1. What number of residues within segment 117-131 satisfy the criterion of being away from ligand 2 (no atom under 16 Å from the Cβ) and assigned to a strand (DSSP E or B)?
2. Among (1) touching a strand residue (DSSP E or B) at 6+ places or on another chain (Cβ under 6 Å); (2) within 17 Å of residue 337 (Cβ to Cβ), which single condition is residue 94 missing?
3. What residue, among those in segment 301-333 that are touching a strand residue (DSSP E or B) at 6+ places or on another chain (Cβ under 9 Å) and assigned to a loop (DSSP other than H, G, I, E, B), is farthest from ligand 2 (Cβ to nearest atom)?
4. Condition test on residue 317, is it within 18 Å of the chain's Cα centre (by Cα), within 15 Å of ligand 1 (Cβ to nearest atom) and modelled with pLDDT of 95 or more?
5. Could you figure out which of (1) assigned to a helix (DSSP H, G or I); (2) more than 23 Å from residue 314 (Cα to Cα) isn't true of residue 194?
6. Would you check which residues across segment 88-116 are part of a helix (DSSP H, G or I), in contact with a Ser or Thr (Cβ under 9 Å, 6 or more places away or on another chain) and more than 10 Å from ligand 2 (Cβ to nearest atom) and list them?
7. For segment 334-367, which residues satisfy the criterion of being outside any helix (DSSP H, G or I), touching a Ser or Thr at 6+ places or on another chain (Cβ under 7 Å) and buried (at least 18 other Cβ atoms within 10 Å of the Cβ)?
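The values are calculated or read from the model by the stated rules, or taken from the named source; none is laboratory data. Note that the structure is a prediction, hence the values are computed from the model and not measured. Cβ placement follows ideal geometry from the backbone for every residue including glycine, while neighbour counts extend to all protein chains displayed.
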Amino acid sequence: MLDTIAQLSKSYSRWPDQSEAVKQWQDKGKKVFGYMCNHIPEELLFAGGILPVKFLGDSIPIVDANQYHALFMCYFARTVVEMGLQKGFSKLDGLIGVYSCEGGCNIFQIAAEIVKPPYYQFISIPHDNKREKQEMALEYFTKELNVIKTSLEEYLGEELTAAKIEQAINVYNENRQLLRQVYDARGDKEWPGFTGVEVAEIMNWVVEVPKDEANAKLRGLLAETAARKLPAASGPRIHVSGTLFLDNEIFQLIEDLGGMVVSDDLCMGSRYFWDDIKLPAEKTADKLIEAIARYKLDKVPCSCMCSSYVAEDRLEHIKKLIEKYQVNGVIFAVHKWCDSHQMDRPFMIRQLQEAGLPVLSIEVERNIGDAQGRNRIESFLEMIGGDAHVAG
Ligand code: SF4
Ligand code: SF4
């Protein structure tokens, strides 16, 4: 792994109480809030000087958390409760949740009950928000974000002015543009700028640190890798579909076996940054908040939205990436008990197979780890074959 990326890894931790980035931010007298799902309005928090850090979970054994919820929850969500019980979130000033998947919502509320942070809000996002429902959903969600704005202003004792919100949107939009450049560099067929493992690590880091600082580092990283001559993997170019993982094992495994991860539609991947917020002509706080709400509803959807057109729109995103990055095969790596992604999966697999793509579907719990998971990925890479050489 590139030294610069290894250095970035040292600046954050999956455990916010141990994160250098969290400590440095709080040393400046600023607040840090934890969140679990991409659908929260990070820009509004950042406009108020709050550092949003995403819960990444961790590949840890569940010791006490199982007493707090049913066992049919994804392992990622259960580790969030376990980390809460082990004081991993004790330094956070606030938690902000959003109505996403059923399991994630329940878990987040349990975690909030354990952590008892000084600030806590839960946002309701309309799930049925596409096409003919779009304007109605937008009106509702804009009002909801205005409620959050007011509660943040009360908590911080300062106004979130239009200028602060616009500035935060610009920082976040630049971050998205830079991450797309990272993806393009990785996708270069001849001389990729990054490996899939490196990009996975960049994504873990970028959701845990202030975006303005991340932008400066990403610009440096892109300049550094522009001159890098990383030989392309000789094996298949793989798209990984799913949510997020508790470590980088799956990326490492694919690349150790001779393939290369060149694309994804993970919530810790392209679904986090693929679209930009479109700034309104009129830069009032109301219009800017409406722009954030529109972005959240229009962005590449997550299966958790469980409503009309969600699977179709996500499939469209996957197909565009497959073409852009010349993908040879798709691996659906979905968490056990992740109902929303499991429900979309048969439709997605059928559509991709009909489009002529080899597809592997595997279930992830704590990780892939066992020999069976490894063997299935190895066989899949071998089966794609072609000019792909798959090392054992
Ligand atoms: S997969 Fe979807 S619901 Fe789950 S955390 Fe990611 S964006 Fe949220
Ligand atoms: S969307 Fe799936 S992986 Fe993410 S929290 Fe919900 S159940 Fe877990």
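1. Quick first cut of segment 117-131, residues away from ligand 2 (no atom under 16 Å from the Cβ) only: 117-121, 124, 126, 128-131.
Next cut, assigned to a strand (DSSP E or B) only: 119-121.
Residues meeting the conditions: 3.
2. For residue 94, the failing item is (2).
3. Among them, the one singled out is 326.
4. Numbers: within 18 Å of the chain's Cα centre (by Cα): yes; within 15 Å of ligand 1 (Cβ to nearest atom): yes; modelled with pLDDT of 95 or more: yes.
Criteria met by residue 317.
5. Failed condition: (1).
6. 115
7. Passing the criteria: 335, 338, 366.
Yes/no per residue for (1) more than 22 Å from residue 338 (Cβ to Cβ); (2) of a type in the set (S, T, N, Q):
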| residue | (1), (2) |
| --- | --- |
| 203 | no, no |
| 210 | yes, no |
| 217 | yes, no |
| 222 | yes, no |
| 241 | no, yes |
| 246 | no, no |
| 265 | no, no |
